[in-house]
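Just below is one structure, and these are the notes that go with it.
The values are calculated or read from the model by the stated rules, or taken from the named source; none is laboratory data. Because the structure is a prediction, the values reported are computed rather than measured. Heads up, the Cβs are rebuilt from the backbone with ideal geometry, glycines too, and the neighbour counts pull from every protein chain shown. Just the protein is used for accessible areas: all its heavy atoms, side chains included, with ligands, DNA and RNA removed. Shrake-Rupley method; radii C 1.70, N 1.55, O 1.52, S 1.80 Å.
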Amino acid sequence: MSVRRALLAAFALVSAFAAGASRAAPLEVVASFSILGDLVSEVGGERIAVTTLVGPDADAHNYQPRPSDARRLGAAKLVVANGLGFDSWVERLAKSAGYKGRLLVASTGIEPLANAETSGHAHEHAEPAVDPHAWQDVRNVVRYVGNIADALAEADPAGANAYRENAARYSAELATLDETIRHTFAAIPRERRKVVSSHDAFGYFGHAYDIRFLAAVGVSNQAEPSASGIAQLIRQLRREKVPVVFVESISDPRLVERIRKESGARPGGTLYSDALSGPNGPASTYIAMMRHNLRTLIAGFEGGDG
């Protein structure tokens, strides 16, 4: 081989190695909380590295960012938030961290539900105007996924096809999940589909799947129900013969246990609303979370152990 050919071959090898190294470097993405982090991971696949600021079994409503969170945002190419007032601290954190990239609001395009009165009882803290828990309707998550795919494609054009293929695959899984939930609840008499949860996180779920949820506290999980409000809720549960009370994974169970005892309702197990479980738990992904909640609700309606 001539010297010239050897040099050309070496140059091609170095160029190929550099291109491969460039492709291997994952896109750094920050998501505000665990459910959103899972959705981003499903769409991004191996092309991205996701950092979740509020991890499993943690409450993002009133999260206080740490200095390390600002450093993570500083290194990110994309930041993903839920919006609808759920994680407004992310925008403030991005500004303080000097983040210059795109901040994607994953719920963009979703029609939010108004924040309804929670069983008519008063709260000491102001509640947001809309319910931020849009991911509790699986059809809304299909919109989340589309928004995430578009944002990743914009940040990493070379991976656009991969992101959109991942989004299409995952959206098909979500459509199957949505149909399963609807079909399963259809077998339960409508008058029995009444439950009490720790805070008002299941408005979208109830609206989508025709379940009536009554909550001890409001959508923010920071509200303090009044004594008269709790008494009113207990009277309502007795009057309507609500059969079951559920505890949420991120909530203090003592208030719900008091309501359960005084109303005569059965304990119905643990629901996951605002956070995934750890990797060894029953709700380690969004789809696993929704399936777990479905099984738990059905067991509660049927008088099982939850």
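What number of residues in the range 214-231 are crowded, with 16+ Cβ neighbours inside 10 Å and at pLDDT below 75?
12
Among the residues of the range 187-207, count how many are modelled with pLDDT of 90 or more and surrounded by fewer than 19 Cβ atoms within 10 Å (Cβ to Cβ).
Going through the range 187-207, the residues modelled with pLDDT of 90 or more turn out to be 187-189, 202-207.
Narrowing the set further to residues that are surrounded by fewer than 19 Cβ atoms within 10 Å (Cβ to Cβ) leaves 187-189, 207.
Final tally of qualifying residues: 4.
For the condition farther than 29 Å from residue 144 by Cβ, over 21 Å from the mean Cα position of the chain (by Cα), at pLDDT 75 or above and in a helix (DSSP H, G or I), what is the one hit in 260, 254, 235?
235
Go through 180, 184, 176 for me and flag whichever is open to solvent by 70 Å² or more (accessible area, probe 1.4 Å), out of contact with any Pro (no Cβ under 6 Å at 6 or more places or on another chain) and hydroxyl-bearing (Ser, Thr, Tyr).
Numbers: 180 fails: open to solvent by 70 Å² or more (accessible area, probe 1.4 Å); 184 fails: open to solvent by 70 Å² or more (accessible area, probe 1.4 Å).
After applying the criteria, what remains is 176.
Cβ-Cβ below 8 Å, separation at least six or inter-chain, first residue in the range 32-55 and over 14 Å from residue 162 (Cβ atoms) and open to solvent by 20 Å² or more (accessible area, probe 1.4 Å), second part of a helix (DSSP H, G or I) and at pLDDT below 95: which pairs?
Qualifying pairs under 8 Å: 51/72.
Name the residue that is modelled with the highest pLDDT, counting only residues in the range 263-306 that are open to solvent by 20 Å² or more (accessible area, probe 1.4 Å) and in a strand (DSSP E or B).
Across the range 263-306, the extreme among qualifying residues is 270.
Restricting the search to the range 69-78, which residues are farther than 16 Å from residue 33 by Cβ and open to solvent by less than 100 Å² (accessible area, probe 1.4 Å)?
70, 74, 75, listed by residue number.
How many residues does the range 238-251 hold that are part of a strand (DSSP E or B) and either at pLDDT 80 or above or of a type in the set (A, V, I, L, M) (or both)?
3
Starting from the range 158-182, take each residue that is of a type in the set (Ser, Thr, Tyr) and list its partners that are open to solvent by 40 Å² or more (accessible area, probe 1.4 Å) and assigned to a helix (DSSP H, G or I), counting only C-beta distances under 7 angstrom and pairs at least six apart or across chains.
Going by the 7 Å Cβ cut-off, the qualifying pairs are 170/42; 171/142.
Restricting to the range 182-202, name every residue that is assigned to a helix (DSSP H, G or I) and under 17 Å from residue 244 (Cα atoms).
185, 190, 191, 192
Just to verify a result, which residue in the range 106-121, among those that are within 19 Å of residue 201 (Cβ to Cβ) and open to solvent by 50 Å² or more (accessible area, probe 1.4 Å), is modelled with the lowest pLDDT?
Step one: of the range 106-121, the residues within 19 Å of residue 201 (Cβ to Cβ) are 106-107, 110-121.
Of the ones still in play, those that are also open to solvent by 50 Å² or more (accessible area, probe 1.4 Å) are 111-112, 114, 116-117.
Details: 111: 95, 112: 96, 114: 88, 116: 63, 117: 49.
Looking at residues that are within 19 Å of residue 201 (Cβ to Cβ) and open to solvent by 50 Å² or more (accessible area, probe 1.4 Å), I get 117.
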